[in-house]
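The structure under discussion appears below in the form of structure tokens.
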Amino acid sequence: MTWINDTTERHNRKLAQRFPLLADQLDVIGAWTPEKVLEDERRTVRRLMEPMKILSLGWGVQSFTLAAMVALGELEPIDVALHADTTHEANGTYNFARNLTSWLEARGVNVVTVSDAQPLAIIGSAKTDIPAFTVTGSRSGGMLRRQCTGSWKIAPMRKWLQAHRECRPVEQWIGISLDEVQRMKDSDVKYITHRWPLIEKRMTRNDCITWLNRHRLPIPPKSACVFCPFHDMAAWREMQRNGDDDWQKAIEVDEAIRTVRPPYDLFLHPARIPLAEVDFSTAEERGQLRLWNEECSGICGV
Ligand code: SF4
């Protein structure tokens, strides 16, 4: 090895004397000793073996808490906080994301947004991907299969990962808290391993809020598409009371889907009546299931 290094250096010195303009480049070549080449290759192999760490950033309480913990050094660094934007989140979520992205990035959290959005015209058609409530003549009903999480969130995130992971395995952090443990699910692809740092820390959603308050950080609104049939009564009521374009958009989708899948009528609300007619102050609120806990895969709403 020493003989090879000496020979390379001697050879480069001679070339540098003959071609002074190439001297800089020859310095670089001279630095490529066999030991260094081996070390570079070892480093490359180590990098390829190390998982790429990503956080699924939905901009809700739990995933934002994780991002903020990374930003403040309470969790180890990640490669990227990846947000799959459905383009149908509430205005409050977009405002929050706008305000806090630069705060995260200034503290070393790389925020990337991907999107494979579906326009309202398709959501309100027979091709709808949302899990709308169904009703037939007898008024007993079920729900359509939920395809939106897969198409609007999981698919664009995986497309981005495949383009950027350079064959590395992926460790995907998901912001599921201790009070939602039933939503934990293993990944359905080999190259991704799910990790739930809030479960490891035994933190509930309320613990996240306490943590954010302690660090004087704002509390994000619940993240979800404005027309999501998994909204609980409180979310619908708040949207109705605000009466802004989020509510109008939800009403629009509710009306548009009604008859697109005969013989069923479709509704956004589990009462299976038009959203505009739901009485959000009735006793039904007390009996309504928390559908996020029952149905969601863990990508939406965190
Ligand atoms: S928030 Fe609701 S409507 Fe939006 S992608 Fe998730 S499950 Fe579907």
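Here, each number is a calculation from the coordinates, and none is a lab measurement. This one's a predicted model, so the numbers in the text were calculated from it and none came from an experiment. FYI the Cβ positions are ideal-geometry reconstructions off the backbone, even for glycines, and counts take in every protein chain you see.
What the table below lists for this structure:
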read-out: Reciprocal of mean inverse Cα separation for region 185-245 (Kirkwood radius, Å); value: 14.8
read-out: Where Rh is the Kirkwood radius over Cα pairs, Rg/Rh for region 130-223; value: 1.08
read-out: Debye-sum result for region 125-174 in log10 I(q)/I(0), which assumes one identical scatterer on each alpha carbon, at q = 0.23, 0.31 Å⁻¹; value: -0.88, -1.13
read-out: Spacing of the two label points (7 Å from each Cα toward its C-beta) at GLU255 and LYS36, in nm; value: 7.0
read-out: 10 Å beta-carbon shell around TYR191, net charge (K/R +1, D/E -1); value: +4
read-out: Simple spin-label estimate for GLU74 and THR44 in nanometres, 7 Å along Cα-Cβ; value: 4.0
read-out: Set of lysines with alpha-carbon distance to LYS201 below 22 Å, sequence-local pairs under 8 removed; value: LYS53, LYS185, LYS222
read-out: Spatial separation of Cα centroids for region 153-212 and region 67-112, in angstrom; value: 14
read-out: Sites ARG216 and ARG18, calculated FRET efficiency, Cβ-Cβ separation with R0 41 Å, nearest 0.05; value: 0.05
read-out: Viscosity 0.890 mPa s, 25 °C: Kirkwood-radius Stokes-Einstein D of region 50-295 over Cα pairs, µm²/s; value: 128
read-out: Dipole in debye (nearest 20) - region 35-108, about Cα centre, beta carbon charges: Lys, Arg +1; Asp, Glu -1; value: 40
read-out: Two-decimal Rg/Rh across region 48-97, once Rg and the Kirkwood Rh are taken from alpha-carbon atoms; value: 1.04
